[in-house]
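Engineer: Have a look at this one before I ask anything.
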Amino acid sequence: MLVEFTVGNFRSFYQPVTLSMLATPLRDEPKLDESNIFQAGKLSLLRSAAIYGPNASGKSNLVRAMMFFRKLVRTSATKFQAGEKIDVERFALNVLSRQSPSYFQIIFLHGDKRYRYGFEVDRERVHSEWLYHSTQRETRLFVREGNEFDVSSSFKREAPVLLQEKTRSNALFLSVLAQFNSPTAIDLLDWFGVHFRGISGLDDSTYAGYTMERFEQDETFRQRVRDMVRLADVGVQDISIKNIPLDHPDLPEELREMLNKIANKEGKSESAFEVKRVETLHPIFDGETQNGEEAFDMDDESEGTQKFFALLGPLFHSLEKGGVLLIDELEARLHPLLTRELVRLFNSPESNPHNAQLIFATHDASLLGECLLRRDQVWFTQKNRFGATELFSLAEMKERKDASYLKNYMNGQYGAIPHIASLRPYIEQELQDATPTQA
């Protein structure tokens, strides 16, 4: 369970900013208090958080920061070679930022402990790294400054001097410890792998395969997906997985050629390869009476239907396992009512019994008018005059109990909206100037 995430000097972020999932006491929203937050020990945490802001304000960069953090933790010890550059992008609009490392820190709950882990890196090396845990009082496990390590006596068994010496300058110590079977490090990397995941709402190709695999292998998941697609009212009556042999006439020629090359390279016959396709069924009517079904390929469905199907895999994974799901552009290609229902899945203790947390970047301002989100669940990004992203919560602003968050946001009362001059007069003038003057 995520408590907070902090990032600084990364892409559009210059000074460190913090996204907090700690609930703020809001006496004027008691009904939402009952469902949108949950108790984790002594902490009250939010089930979801929405990030609003104009284009290029830094919403996506916050998600990217979390995903960069996750990737570096999980792969720096195993995928990087000595001397290989770290693909971190520092803030580019300040001379000082180019001379300083990027900063990342996460605080999260796992098992019966609270962990605080972070690091500072540039493209050449890890400048510093730290790991603390606590049940009652925070305790240091290790602190790293360059190639110098200060390991607590209780943690030295998992982090001996030999492993400190084996840690490359471009690798995180936590990743190295996991590679050499440190129980604590393995446990934390498992949390980052299973319970801290991010996806793009614009490109579902990266997770559609996961949804297809689960749909084919898991009967419970398959039934849930079928029910959700029917409830979404996209005109699909049923879904199935169809295996298409390599010599099938409907198989695209480019795909057939690619699989043929793989078959020849592996010394296998073409019959050993099949392509799995998602098939949708639509009812056929004779007048007003249903008279059979017609099968379509999922690729023939609308972009929204394809995304909704692909999205169900990561959504159900998070609801079943708990943890954090990050989605950039959640509403892309989805109807606002459907987006609202997806957020409600996470805000409801009945559909979200394991307290999964949904953090999403969005332009769907209608969610602000649905009495769906508490003020502390609404975050804004905006650029300051130096081109750096600022991050702030609606809970930081004084607001009336009966205020319309949607109306006030669209009117610019909270900031974080584009300052767009009227486009119509400009176009009218351009067209007028381009019109030949009649003699």
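Engineer: Could you give me the residue pairs with C-beta distances under 8 Å whose first residue belongs to the range 7-22 and is farther than 27 Å from ASN355 by Cα, whose second residue is hydroxyl-bearing (Ser, Thr, Tyr) and assigned to a loop (DSSP other than H, G, I, E, B) wherever it lies, and which are 6+ apart or on separate chains?
Structural biologist: GLY8/TYR14; ASN9/SER100; SER12/SER57
Engineer: Quick one: would you say GLU124 is touching a residue at least 40 places away in the same chain (Cβ under 8 Å), open to solvent by 50 Å² or more (accessible area, probe 1.4 Å) and either in contact with a Phe, Trp or Tyr (Cβ under 7 Å, 6 or more places away or on another chain) or part of a loop (DSSP other than H, G, I, E, B) (or both)?
Structural biologist: Against the criterion (touching a residue at least 40 places away in the same chain (Cβ under 8 Å), open to solvent by 50 Å² or more (accessible area, probe 1.4 Å) and either in contact with a Phe, Trp or Tyr (Cβ under 7 Å, 6 or more places away or on another chain) or part of a loop (DSSP other than H, G, I, E, B) (or both)), GLU124 qualifies.
Engineer: Does the range 29-36 include one or more residues that are open to solvent by less than 20 Å² (accessible area, probe 1.4 Å) and in a helix (DSSP H, G or I)?
Structural biologist: yes
Engineer: I'd like to check which helices (runs of 4 or more DSSP H) are fully inside the range 128-197 and have at least 2 residues that are loosely packed, with under 15 Cβ neighbours inside 10 Å.
Structural biologist: It comes to 161-166, 183-194.
Engineer: Would you confirm whether any residue within the range 310-319 is surrounded by fewer than 19 Cβ atoms within 10 Å (Cβ to Cβ) and either touching a residue at least 24 places away in the same chain (Cβ under 8 Å) or closer than 26 Å to GLU4 by Cβ (or both)?
Structural biologist: No - not one qualifying residue is present in the range 310-319.
Engineer: With respect to LEU72, determine if the residue is of a type in the set (A, V, I, L, M), under 30 Å from LEU367 (Cβ atoms) and open to solvent by less than 40 Å² (accessible area, probe 1.4 Å).
Structural biologist: no
Engineer: Which one of the conditions (1) under 16 Å from the mean Cα position of the chain (by Cα); (2) loosely packed, with under 14 Cβ neighbours inside 10 Å does THR78 fail to meet, given that it meets all the rest?
Structural biologist: Failing condition for THR78: (1).
Engineer: Further question: Does ASP203 fit the bill of being within 30 Å of MET66 (Cβ to Cβ), open to solvent by 60 Å² or more (accessible area, probe 1.4 Å) and within 25 Å of the chain's Cα centre (by Cα)?
Structural biologist: Yes, satisfied.
Engineer: For the range 407-428, does any single residue satisfy the condition of being open to solvent by 30 Å² or more (accessible area, probe 1.4 Å), assigned to a strand (DSSP E or B), within 30 Å of PHE91 (Cα to Cα) and in contact with a Pro (Cβ under 8 Å, 6 or more places away or on another chain)?
Structural biologist: No, the range 407-428 contains no residue that is open to solvent by 30 Å² or more (accessible area, probe 1.4 Å), assigned to a strand (DSSP E or B), within 30 Å of PHE91 (Cα to Cα) and in contact with a Pro (Cβ under 8 Å, 6 or more places away or on another chain).
Engineer: Pick from the range 83-111 the residues that are open to solvent by 70 Å² or more (accessible area, probe 1.4 Å) and among the hydrophobic types (A, V, I, L, M, F, W, C): which of them is nearest to ASN61 (Cα to Cα)?
Structural biologist: LEU93
Engineer: Would you say LEU43 is over 27 Å from PHE346 (Cβ atoms), more than 17 Å from the chain's Cα centre (by Cα) and open to solvent by 20 Å² or more (accessible area, probe 1.4 Å)?
Structural biologist: It is false that LEU43 is over 27 Å from PHE346 (Cβ atoms), more than 17 Å from the chain's Cα centre (by Cα) and open to solvent by 20 Å² or more (accessible area, probe 1.4 Å).
The values are calculated or read from the model by the stated rules, or taken from the named source; none is laboratory data. Every value quoted in this text rests on a predicted model; they were computed, and no experiment measured them. Cβ: placed from backbone, ideal geometry, glycine included. Neighbour counts: every protein chain shown. With ligands, DNA and RNA removed, areas are computed over all heavy atoms of the protein, side chains included. Shrake-Rupley method; radii C 1.70, N 1.55, O 1.52, S 1.80 Å.
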